[in-house]
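Data first, discussion second: the structure below is written as structure tokens.
The values are calculated or read from the model by the stated rules, or taken from the named source; none is laboratory data. Treat the numbers as computed from the prediction; the structure is a model and nothing was measured. Because the Cβ atoms are built from the backbone with ideal geometry, glycine has one as well, and the counts that use them run over all protein chains shown. Ligands, DNA and RNA are stripped out before the accessible areas are found, and what is left, the full protein with its side chains, is counted by its heavy atoms. Shrake-Rupley method; radii C 1.70, N 1.55, O 1.52, S 1.80 Å.
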Amino acid sequence: MRDFDNLFFDFFNKKNNPNIFLSKIEFYTYTVQIAAFSDRLIKLYPDQKEVAEKNKENWLSENYEDYLEYKASQKK
């Protein structure tokens with residue numbers, strides 16, 4: 001789970017840092033990798049399958065255009 005924590009916090013630190021701008025490929029690489037951890041959680045904790053599937057769905061539905069709007073709002 002340490003790998004997940006590192007990936008998750010690295011993504012959010014970069015996302016929230018107004019001086020860092022993720023490319024579309026970088027953005028989706030993070031979101032897909034984070035979503036993939038949900039599959040691992042399902043295997044480790046089968047009783048949490050619904051939660052993990054919902055989290056995976058949420059991460060895979062992240063939108064780069066929304067990210068761009070968020071970054072633009074940081075500069076205001």
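Quick look at the numbers
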{"item": "Derived scalar couplings ³J(HN,Hα) [segment 52-59; Karplus, 6.51 cos²θ - 1.76 cosθ + 1.60; whole Hz; x for Gly, Pro]", "result": "5, 5, 5, 4, 4, 4, 5, 5"}
{"item": "Reachable lysines, given that their alpha-carbon falls under 25 Å from the alpha-carbon of Lys24 and they are not under 8 places away in the same chain", "result": "Lys14, Lys15, Lys54, Lys56, Lys71, Lys75, Lys76"}
{"item": "Cα-derived Rg to Rh of the chain, Kirkwood definition", "result": "1.03"}
{"item": "Within the chain: Cβ-based charge dipole about Cα centre, in debye rounded to nearest 20 (Lys, Arg +1; Asp, Glu -1)", "result": "260 debye"}
{"item": "Among Tyr30, Tyr45, Tyr64, residue whose mean-square fluctuation peaks in a GNM of the chain (springs only between Cα atoms under 10 Å)", "result": "Tyr45"}
{"item": "Accessible area in square angstrom per residue, the chain, 1.4 angstrom probe", "result": "74 Å²"}
{"item": "Virtual spin-label span in nm between Thr29 and Lys54, 7 Å along Cα→Cβ", "result": "3.1 nm"}
{"item": "Rounded tilt (10° steps) of 24-44 against the dominant C-alpha axis of the chain", "result": "20 degrees"}
